[in-house]
Amino acid sequence: MVTGAVGAATGWAADVFYLVVPESVPTPGDVPLDRVADRYTGAPPDCAHIYARVETPAGLVAERYPATGDPAGPPPGGRWSEQCRWSAGSEDTITITWDQYDSAEGRTGAERAKERYEEFYRRGTTSRVSDLDFVEEALWERAGDQCVLRGRDGNLNLFVAVDRPTLPADRCESVAEETGQQFMAAVKAW
C-alpha cells in the first residue's frame, strides 16, 4: 500500500490539512505494481469496435472521433488514448475515454496507470469503490446531472461520463456502470 497526500481541495486550509494528514492510497491485489505485467498490449480497440459492442440508452447516437493511437506502433511515451461519445442533442451525452499505458521509462504500465488514476481522486467528493467486477478499482463522482465513473484495470484507465439531464437521477450511476462493463468486455474480447 502506498501512503501519501492524495486529493484536491478547495481553499488553502483544506490543502494544508491534506498535506498534514496524509490519506492512505489503496492498491488492490497482492502483487506490487512494479511487478505487474501489462495486461493490455498492442493497439487498443477503436471507436468503430466499441460502437458495435456497447449498447447505450435509446435516443443516443454514436459520434465519430478520429483515432488517437497509431495501429502501426505505440505512440511516444507508450500511452494509447481513445475517446468515443454518444449524444442526443446538445445536452444528453455518454463519453468513454480510455488510456492504455505500456511499460516504459523503467516503470510498468500498471504503475503509470495507477499514478494517473489517482490524480482524479478528490478527497471528500470522490468515492472509492472496489466491488465492480470489471475493473480492479474505481472512483465515483457526481455533479449536477453528470456522474463520472473512473476505473483502473491493470495498465488501462477507463473514464465514463454520463451527462443526461433527461435521465432520472437514480439511473445515472447504473447507466455509467452498465456502459463501463460493456466497454471492458469489448476491450477484453479485442
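The values are calculated or read from the model by the stated rules, or taken from the named source; none is laboratory data. The shown structure was predicted, so the numbers you read here are calculated from the model rather than taken from an experiment. Glycine also receives a Cβ, built like all others from the backbone with ideal geometry; neighbour counts cover every protein chain displayed. Only protein heavy atoms, including side chains, enter the accessible area calculation; ligands, DNA and RNA are left aside. Shrake-Rupley method; radii C 1.70, N 1.55, O 1.52, S 1.80 Å.
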- Task: Could you list all residues from the range 100-115 that are out of contact with any Lys or Arg (no Cβ under 6 Å at 6 or more places or on another chain) and in a strand (DSSP E or B)?
- Result: GLN100, ALA104, ARG107
- Message: Of the conditions (1) among the β-branched types (Val, Ile, Thr); (2) modelled with pLDDT of 90 or more; (3) more than 21 Å from the chain's Cα centre (by Cα), THR93 satisfies every one except a single condition; which number is it?
- Response: (3)
- Message: For the range 140-190, give me each residue that is in a helix (DSSP H, G or I) and under 24 Å from ALA110 (Cβ atoms).
- Response: ALA176, GLU177, THR179, GLY180, GLN181, GLN182, PHE183, MET184, ALA185, ALA186, VAL187, LYS188
- Index of the failed condition, ALA72 passing every other in (1) surrounded by fewer than 17 Cβ atoms within 10 Å (Cβ to Cβ); (2) modelled with pLDDT of 90 or more: (2)
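Kindly provide the set of residues from the range 40-59 that are open to solvent by less than 60 Å² (accessible area, probe 1.4 Å) and over 26 Å from ARG164 (Cα atoms), ordered by number.
TYR40, GLY42, ALA43, PRO44
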- Under the condition of being more than 14 Å from GLU141 (Cα to Cα) and modelled with pLDDT under 95, which residue from the range 156-169 is most open to solvent (accessible area, probe 1.4 Å)? THR166
- Item | Qualifying positions in the range 102-116 - hydroxyl-bearing (Ser, Thr, Tyr) and either free of Cβ contacts under 8 Å to residues at least 24 places away in the same chain or surrounded by 21 or more Cβ atoms within 10 Å (Cβ to Cβ) (or both) | THR108
- Which one of these does PRO57 not meet: (1) modelled with pLDDT under 85; (2) on the phi < 0 side of the Ramachandran plot; (3) over 19 Å from the mean Cα position of the chain (by Cα)? (1)
- In the range 121-139, how many are surrounded by fewer than 16 Cβ atoms within 10 Å (Cβ to Cβ), in a loop (DSSP other than H, G, I, E, B), out of contact with any helix residue (DSSP H, G or I) (no Cβ under 7 Å at 6 or more places or on another chain) and not acidic (Asp, Glu)? 4
- Task: Within the range 148-184, track down each residue that is of a type in the set (Asp, Glu) and under 12 Å from ALA113 (Cα atoms).
- Result: ASP153
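From the list ARG107, ARG64, ARG79, which one is under 14 Å from LEU156 (Cβ atoms), in contact with a helix residue (DSSP H, G or I) (Cβ under 8 Å, 6 or more places away or on another chain), basic (Lys, Arg) and modelled with pLDDT of 70 or more? Break it down stepwise before answering.
Values: ARG107 fails: under 14 Å from LEU156 (Cβ atoms); ARG64 fails: under 14 Å from LEU156 (Cβ atoms).
Of the residues listed, the single one that is under 14 Å from LEU156 (Cβ atoms), in contact with a helix residue (DSSP H, G or I) (Cβ under 8 Å, 6 or more places away or on another chain), basic (Lys, Arg) and modelled with pLDDT of 70 or more is ARG79.
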